[in-house]
Amino acid sequence: PGTHDGECREFSDPTNATRLGYEVGSGCLAASRWDELAGFCEGVEGCNLILGLNALIGRTNQTCPEDVDCHNSPGGHECCTTWTGSWNQSNAEALLRYTHEKNYSVYGLEFGNELAGTSGIEATNITPDVYATDFCTLKNLVESIWSSEGDVVPKVISPDNNFDATWYGDFVRLSFEKCGGADVVTWHQYILGAGRDEGASAKALDPAVLDGQIKLGGAIMEAVSDNTPAGAQEPEIWMGEAGGAYNSGRPGVTDAFMSSFWYLDGFGVLSEKGHKSFCRQTLVGGNYGLLRAEGGEGALAPNPDFYALKLWQDLMGREVLGVERSDGGEGGGDRDLRVYAHCRKGGGGVAVLAMNLAGDASKEAEVEGVDGSRRLDFVMTAGDGMDGQQVLLNGALLEMDGSDFPELVGREWQQDEAESGIGSIKLDAQSYGFFVFEGVSCGGKI
């Protein structure tokens, strides 16, 4: 690897002359580091590498006056985010050929990050036509390298940006015209706004804020579907980056129990809107990591969202079921009560996620057609407040055992514990739960 001229350069000193905060083209992914990462992933079950490629290499940033601070105050200064020229593929080609020669498995390659039109962050003037042309250069390069029989071709993914319906629609249409389209279309969302916003905690439990995903999820489905040629395979849609609050999250919100509500609601809504994956910002780091440093010497502990994700992955299958809401309409009914249903992962039943956003009232939901099933409950509540990091599963505190994560074990529902039937779900204020109904057929609506 190295940079486009073959030399491995260190990151430049911090500078306010660029939106990035350092010189574009400085910094380096050394071959030895790539070897370590690829080797690590090969040794971990279920690990898939997706690599983001720098789509600014080869382009030239407009020069701003010396008194313009592009890094901290780019607003109103078009020069900070205006780029000319085309992508230079030589550095990416060297990396990809090296990867293929080493027989490293790469699941996907993302082209650029937040560079799409006026909704971009690092660049705001790159048109769908220019971006599609450069994206197709990458796609053609990938197909030429992984061209042997038996090669598993990495997915090509783009544009990884805040959603803009017109820009996205044009990009999808033009990428199909130029090279047969992307494998995956991604977008970014920070539903709680800026990490410095003191109102982020209220937004995390506000049904009106969470409902915004319904409209956006549907809009990107429409942009992709309407611009895919008849008979062509539609690109998958992924949430390419979400961490609740941007600029490293907010302590006591995106690293706390309350964070699991926007996070899980995103899984539920976007699954209903045809999304296939949801990428979290981030695994470790900032105030929005799934894991946090604790105890020194590199020790890590789970934040509450780790448990939320683990339960979703363990229990919820790929097939999404319809949910009959109280008024029969999408986004209607009691919006403090959020309910999503999938076929159980691995088959043999139905899994339901239910969340109660209300701060002062319990909520109930009724699941029909589950009489005679075996029910397992995984009810999650805060151990030390909504802004805390302790989580109770069915009333028991989840704690690490040395370096081992606690096992998440459901509690079997007993008829004599409840006044109502097996399909009745009751949640205390500001709690959520997964409810598995084993032995029932899966399909239709609940």
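The figures follow:
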| quantity | calculated |
| --- | --- |
| Answer residue from the stretch 97-130, given it is acidic (Asp, Glu) and in a helix (DSSP H, G or I) and is farthest from residue 62 (Cα to Cα) among those | 101 |
| Filter pass, residue 143 being within 25 Å of residue 231 (Cβ to Cβ), more than 25 Å from the chain's Cα centre (by Cα) and in a helix (DSSP H, G or I) | yes |
| Qualifying residue in the stretch 401-423 (condition: of a type in the set (Val, Ile, Thr), assigned by TED's automatic domain parsing to the domain that holds residue 343 and under 20 Å from residue 268 (Cα atoms)) | no |
| Residue within the stretch 405-414 that is closer than 24 Å to residue 207 by Cα, loosely packed, with under 13 Cβ neighbours inside 10 Å and not acidic (Asp, Glu) present | no |
| Whichever residue in the stretch 290-305 is in contact (Cβ under 8 Å) with a residue 24 or more places away in the chain and within 17 Å of the chain's Cα centre (by Cα) and, among such residues, is surrounded by the most Cβ atoms within 10 Å (Cβ to Cβ) | 305 |
| Filter result (assigned to a loop (DSSP other than H, G, I, E, B) and of a type in the set (Phe, Trp, Tyr)) within the stretch 5-57 | 11, 22 |
| The stretch 67-96 - residue that is charged (D, E, K, R) and outside any helix (DSSP H, G or I) and, of those, nearest to residue 134 (Cα to Cα) | 69 |
| The stretch 162-206, subset out of contact with any strand residue (DSSP E or B) (no Cβ under 7 Å at 6 or more places or on another chain), without any contact (Cβ under 8 Å) to a residue 60 or more places away in the chain and among the aliphatic types (A, V, I, L, M), residue surrounded by the most Cβ atoms within 10 Å (Cβ to Cβ) | 204 |
| Any chance residue 220 is in a helix (DSSP H, G or I) and of a type in the set (A, V, I, L, M, F, W, C) | yes |
| Residues of the stretch 95-136 satisfying the condition of being in contact with a Pro (Cβ under 6 Å, 6 or more places away or on another chain) and farther than 17 Å from residue 240 by Cβ | 95 |
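So that you can scan it fast, the table gives a plain yes or no per residue for (1) modelled with pLDDT of 95 or more; (2) outside any strand (DSSP E or B); (3) farther than 17 Å from residue 301 by Cα:
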| residue | (1), (2), (3) |
| --- | --- |
| 353 | yes, no, yes |
| 368 | no, yes, yes |
| 371 | no, yes, yes |
| 377 | yes, no, yes |
| 381 | yes, no, yes |
| 389 | yes, yes, no |
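The values are calculated or read from the model by the stated rules, or taken from the named source; none is laboratory data. The structure presented is a predicted model; accordingly, all values stated were derived computationally and were not measured. Cβ: placed from backbone, ideal geometry, glycine included. Neighbour counts: every protein chain shown.
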